[in-house]
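Visitor: What follows is a single structure, and I will ask about it in a moment.
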Amino acid sequence: MTLDANYLRGTMAAVLSILKHSTCPENMEFHFLCGKYDTNVLRTINTTFPYLNFKVYRFNPNRVRGKISRSIRQALDQPLNYARIYLADILPPDVKRVIYLDSDIVVVDDIMKLWEVNLDGKVLAAPEYCHVNFKQYFTDLFWSDKELSSTFNGRQPCYFNTGVMVVDVDKWRQGRYAAKVEEWMAMQKQKRIYTLGSLPPFLLVLAGNIKAVHHRWNQHGLGGDNIDGKCRSLHPGPISLLHWSGKGKPWLRLDSRKPCAVDHLWAPYDLYGSPVQSLEE
């Protein structure tokens with residue numbers, strides 16, 4: 001997971017949810033990527049989870065300086081949002097497989113079930129959403145350029161969310177996937193081929209060539225705005241992981257006393273204690 005003071009409340013809730021639902025929490029090892037070493041953040045982790053097995057690594061923002069293109073949301077343009085591309089470079093060689101998680105999630109199942117997924121030789125596993133209009137993630141310029149759009153020839157690309165991924169770190173290193181993602185980021189600098197942040201270059205490299213896992217492991221989109229009644233509801237089916245992707249974060253909506261209905265599912269893991277009455281108003 002990435003570690004940032006602005007998202008620390010979410011990270012702490014995510015960690016608590018993982019530990020709470022794990023059959024063997026003592027087997028968990030957390031790897032946190034941060035843009036800078038913040039002693040207050042590290043102190044918070046140590047005091048909140050004194051027995052947590054974790055390591056912190058600094059992600060140098062210079063790694064992506066000049067490579068990030070402006071997207072439709074400023075939050076997506078932060079260098080730390082791109083750290084997931086460089087996991088294989090940052091983590092020590094003895095780390096062979098990781099689960100990457102965003103900070104706006106809670107796990108309500110034993111995460112070992114996700115860890116044990118058979119990758120079938122693929123570099124990455126994640127829930128796929130093949131019913132989603134895949135074309136919307138790229139501009140008309142991209143689709144009208146035969147050379148660019150031909151990158152998907154021979155594949156059946158489907159959208160997947162990079163906030164929940166099982167990654168074979170060794171394969172990522174060997175396949176030089178970071179460089180492949182960077183090539184598309186460089187192309188984006190020349191031609192505007194997408195509007196989102198770090199997601200589209202992942203799709204360009206890997207969509208249609210990942211191991212699909214059950215949708216229960218990423219009930220995403222829960223951060224849809226609660227303005228004008230636009231709160232998202234849960235999709236039908238079993239749920240193992242809830243993900244507040246989107247602009248609306250549950251801790252902010254709870255504090256403002258304007259929560260969406262799904263935000264009460266995050267509240268039990270909130271170690272900073274939003275007022276209970278805010279859920280009733």
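The values are calculated or read from the model by the stated rules, or taken from the named source; none is laboratory data. None of these values were measured; they are calculated from a predicted model. Quick reminder, even Gly has a Cβ in these numbers, built from the backbone with ideal geometry, and neighbours come from all protein chains shown. Quick note on the areas: whole protein, heavy atoms, side chains included, nothing else; ligands and nucleic acids left out. Shrake-Rupley method; radii C 1.70, N 1.55, O 1.52, S 1.80 Å.
Visitor: Taking every DSSP beta bridge that has both residues in the chain, what percent is antiparallel when rounded to the nearest 5?
Guide: Roughly 50 percent of the beta bridges in the chain run antiparallel, per DSSP.
Visitor: Moving to a separate point now. Rounded to the nearest Å, what's the spacing between the alpha carbon centres of the stretch 145-184 and the stretch 187-262? Just the number, please.
Guide: 19 Å
Visitor: Please give the per residue accessible area of the chain, computed with a probe of 1.4 Å over protein heavy atoms only, in Å².
Guide: 49 Å²
Visitor: Just want to confirm a number: the relative contact order over the chain, from Cα pairs under 8 angstrom separated by 6+ residues, in percent.
Guide: For the chain, the relative contact order is 21 percent.
Visitor: Loop-only check: which trypsin sites (Lys or Arg not before Pro) in the stretch 192-243 are DSSP coil with at most 12 other Cβ within 10 angstrom?
Guide: Qualifying residues, ordered by number: K230.
Visitor: Here are some pairs, K135/K247; K55/K96; K122/K230; K20/K55; which of them have Cα atoms lying more than 27 Å apart in this structure?
Guide: K122/K230
Visitor: Would you mind calculating the gained length between T39 and E183 on full extension (0.36 nm times residue separation, minus the Cα-Cα distance), in nm to one decimal?
Guide: 48.3 nm
Visitor: Any cysteines in the chain with zero other Cys Cβ atoms under 4.7 Å from their Cβ? List them, or say none.
Guide: C24, C34 - these cysteines have no disulfide-compatible partner (Cβ-Cβ under 4.7 Å) in the chain.
Visitor: Additional query: Just to confirm a number: summing +1 for Lys and Arg and -1 for Asp and Glu over residues other than F142 whose beta-carbon lies under 13 angstrom from that of F142, what do you get?
Guide: +1
Visitor: Rounded to the nearest percent, how much of the accessible area of the stretch 107-224 (1.4 Å probe, protein heavy atoms only) is carbon and sulfur?
Guide: Heavy-atom surface of the stretch 107-224 belonging to carbon and sulfur, 1.4 Å probe: 46 percent.
Visitor: Net charge near A14, counting Lys/Arg +1 and Asp/Glu -1 over other residues with Cβ under 13 Å of its Cβ?
Guide: -1
Visitor: Give the cross-link partners of K171 among the aspartates and glutamates, using a straight C-alpha distance below 18 Å as the criterion and excluding same-chain residues fewer than 8 apart.
Guide: Result set, ordered by chain and number: D89, D94, E116, D120, E182.
Visitor: Same structure again: Working out 0.36 nm times the residue gap between R58 and A212, then minus their Cα-Cα distance, what length gain in nm do you get to one decimal?
Guide: 52.4 nm
Visitor: While we're looking at this one, here's another question. Using the Cα centre as the reference, give the magnitude of the dipole from point charges on the C-beta atoms of the chain (Lys, Arg: +1; Asp, Glu: -1; all else neutral), rounded to the nearest 20 debye.
Guide: 800 debye
Visitor: Follow-up. Subtract the Cα-Cα distance of K96 and K67 from 0.36 nm times their separation in residues, and report this length gain in nm to one decimal.
Guide: 7.7 nm
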